[in-house]
Each structure stands twice: as structure tokens, then as C-alpha cells.
Amino acid sequence: MKTAIYPGSFDPVTYGHLDIINRAAKLFDKVIVLVSVNPSKPNCFFTLEERLDFLRRSIKSGLSIQHCGNIEVDSSDGLLIDYFKERGADVIIKGLRAMSDFEAEFQMALVNKDLFYKAETVFLAADVASTFLSSSMVKQIAMFGGDISAFVPPSILTDIKIKLEQKRLEITGKK
Ligand code: ADP
């Protein structure tokens with residue numbers, strides 16, 4: 001039984017993340033999608049509860065996930081490697097969009113391996129269609145009323161749009 005952990009901020013989840021989850025679920029017996037409460041990224045736009053809920057709904061709605069029975073969504077505010085040991089996991093999954101992702105992710109993989117020799121990191125290359133896709137891009141487009149329906153599943157689209165529209169009104173002083 002091989003367990004993989006896919007950590008990230010998922011602020012919010014996009015089709016790029018869902019593609020990685022979908023492919024990891026075919027490669028491993030169990031995939032834990034871990035929403036990390038990351039002190040180096042303290043400014044997440046969506047709350048932890050929203051990010052978990054968006055992930056669960058996106059996976060459940062089954063649009064991009066054909067086999068979601070072996071996928072679990074969880075969160076952690078501790079060190080990834082401690083969670084990894086606690087869950088008896090085998091692999092950390094990372095998605096690579098471009099060489100720009102590689103440097104930081106490679107360093108993290110080395111650090112995690114140093115902290116715990118059994119922690120192997122597996123990199124999955126992003127799907128060509130989502131190499132340009134990031135959570136921050138989705139937020140920017142939605143905040144200005146742009147169409148994000150090609151980037152996030154319909155089950156969470158409205159909630160994302162509403163919260164970002166509220167934010168835009170706050171920023172522009174129209175609320
Ligand atoms: P970001 O790196 O955009 O802030 P996350 O922290 O949520 O987003 O990313 C979690 C993981 O998912 C990282 O390994 C990241 O490289 C990967 N990832 C993010 N967006 C995509 C995408 N469009 N395609 C493939 N992998 C992605």
C-alpha cells in the first residue's frame with residue numbers, strides 16, 4: 001500500500017491541481033491532499049475552511065476526478081515531514097509547471113529527504129493545458145470580473161466569484 005501526500009495552499013484549487021490529484025490517484029493506492037497552513041504564505045485569500053471545502057467539492061463533483069475513492073483531503077499547521085511520518089506516507093507529490101517551479105521544489109525535496117530519509121518526492125509535469133495556470137492568476141482575473149470557468153470547476157465557481165467581487169468592491173471603496 002503506497003500513500004502519497006500532495007501538499008499546497010490551494011488558494012483556491014484549480015484544474016491544474018485537480019489534474020495532478022487525478023494522475024497521482026492512478027499511480028498510488030492513497031492520495032492525501034494536504035492543505036498546508038504555511039507561515040511563509042500567511043496571506044491566503046480564502047480561509048482554511050473554504051479551501052478544504054472547495055477541494056472536497058471539486059473532487060466529489062467528479063468533473064476531473066474519475067477515481068476519487070482513494071483521495072482524502074486534510075490540513076496541517078505543522079511541518080510537512082511530521083505529518084508524513086504520522087501518516088506513514090511513502091511519497092510527496094509536487095506539480096511542476098515550469099523550470100521556475102523547479103528550483104524551490106528541488107530544494108524542498110532535498111530538505112525533506114534530509115529531515116527524514118524515507119521521504120521521497122515525486123514530481124509530476126503539469127499538463128500542457130494548465131502550465132500557465134496558478135491560483136493567483138485565477139484570483140486576479142476573477143477580482144476584475146473576468147471569466148474563470150476554464151480554470152476552476154463549476155461546483156465552486158460561484159463561491160469564488162462572489163468572494164472576489166466583494167474584495168474588489170472593498171478595495172475600490174464601492175462598499
Ligand atoms: P501555487 O504554487 O500556485 O501557489 P500551491 O501552493 O497550491 O499553488 O501548489 C501546490 C502544488 O501544486 C505545487 O507543487 C505546485 O507546483 C502545484 N501546482 C500548482 N498549480 C499547478 C498547475 N497548474 N499544474 C500543475 N501543478 C500545479
The chain: most fluctuating residue of Pro153, Pro12, Pro39 per GNM, C-alpha cutoff 10 Å: Pro39
Cβ-derived FRET efficiency at R0 30 Å, Arg23 paired with Lys85, nearest 0.05: 0.75
Extension reserve of the Val111-Lys60 stretch, reckoned as 0.36 nm per residue once the Cα distance is removed: 15.0 nm
Among Arg87, Arg51, Arg97, residue whose mean-square fluctuation peaks in a GNM of the chain (springs only between Cα atoms under 10 Å): Arg87
Estimated FRET transfer efficiency (Ser100, Leu169; beta-carbon r; R0 35 Å; 0.05): 0.60
Dipole axis of the range 1-136 (+1 Lys, Arg; -1 Asp, Glu on Cβ), positive-most option in Phe28, Thr121, Phe106: Phe28
Simple spin-label estimate for Glu120 and Thr158 in nanometres, 7 Å along Cα-Cβ: 4.5 nm
Cut-off under 5 Å, modelled amide H: who pairs with Val73 long-range: Val33
Karplus-derived 3J(HN,Hα), 6.51/-1.76/1.60, for each residue of the range 100-116, Hz, glycine and proline x: 5, 6, 5, 4, 5, 5, 5, 4, 4, 4, 5, 4, 4, 5, 5, 6, 8
C-alpha long axis of helix 154-171 to longest principal axis of the chain, angle in °: 60 degrees
For the chain, built as a Gaussian network whose Cα springs stay under 10 Å, the top-fluctuating residue of Leu80, Leu48, Leu27: Leu27
Net length gained if the chain between Ser149 and Asp127 were fully extended (0.36 nm per residue, minus Cα distance): 6.2 nm
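FYI, it's all coordinate maths here, none of it is from the lab. Model, not experiment: these values are computed from the prediction. When we count neighbours, we look across all protein chains shown, and the Cβ atoms used for this are built from the backbone with ideal geometry, even at glycine.
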